[in-house]
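No value in this document is a laboratory result; all are computed from the given coordinates. This one's a predicted model, so the numbers in the text were calculated from it and none came from an experiment. No Cβ is skipped: glycine too gets one built from the backbone with ideal geometry, and neighbour counts run over all protein chains shown.
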Amino acid sequence: MPRDRRPYLVLPIVAFVAILPLILKGCSCGHDFDFHLISWMEAAQQFAHGNLHPHWAFTPAYNAGEPRFIFYPPLSWTIGALLGLLMPWTWTPIAYTWLALTAAGLTLYHLAKAFATPTTALLAATFYIVNPYMLFTAYERTAYAELLAAAWVPLLLHAILRDRVTIPRIALPVALLWITNAPAA
């Protein structure tokens, strides 16, 4: 296999190994699990009824509802809802976690290969996927939007650390951060 394709095989496998406890034992139902799962289910139901830009979540607050989709950044709940439409809900948080960890590894590899050899960059990306805070966020906190935001931070660092810094190169990762997780942005 050519060296330049190796990260696209290795990093998803590393992310798969990182989520293996979720596959074998199920989701941990961490601090934000209910919030995200309800958001995904609400958005998926509204997507299925043709509302591609939901504003109101109907089941939170003991079915009184809240304007959750207006205030909460859309990327994480949209991805979760789309995954929920494609697979059983018991698999959705696991697939989302794998997707976020894989994306984080690939973007860190993109950053690291600008400053190191491809092998070193692959090692750095592997450690980024399995670092304790990332796994704590995935397993215990289940802060899915924050987990996905970890994929955009390396892109921002790469844009800032380039020889020629431009506004569009910085704007794209900042925009991705804002539509993923406001505290991370």
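Here 43, 61, 95, 57 are screened, and the one residue that is free of Cβ contacts under 8 Å to residues at least 24 places away in the same chain and touching a strand residue (DSSP E or B) at 6+ places or on another chain (Cβ under 9 Å) is 57. Being of a type in the set (D, E, K, R), touching a residue at least 40 places away in the same chain (Cβ under 8 Å) and surrounded by fewer than 22 Cβ atoms within 10 Å (Cβ to Cβ) holds for only one residue in 141, 164, and it is 141. Tell me, which residue of region 120-133 that is assigned to a helix (DSSP H, G or I) and without any contact (Cβ under 8 Å) to a residue 60 or more places away in the chain is surrounded by the fewest Cβ atoms within 10 Å (Cβ to Cβ)? Looking at the filtered set, the residue picked out is 132. Selection of region 79-128 for residues being over 18 Å from residue 43 (Cβ atoms), over 15 Å from the mean Cα position of the chain (by Cα) and of a type in the set (Phe, Trp, Tyr) yields 109, 115, 127. Exactly one residue among 92, 78 is buried (at least 17 other Cβ atoms within 10 Å of the Cβ), touching a helix residue (DSSP H, G or I) at 6+ places or on another chain (Cβ under 6 Å) and either of a type in the set (Val, Ile, Thr) or closer than 12 Å to residue 144 by Cβ (or both), and that residue is 92. Of the set (1) under 18 Å from residue 146 (Cα atoms); (2) surrounded by 13 or more Cβ atoms within 10 Å (Cβ to Cβ); (3) of a type outside the set (S, T, N, Q); (4) within 17 Å of the chain's Cα centre (by Cα), all apply to residue 31 but (2).
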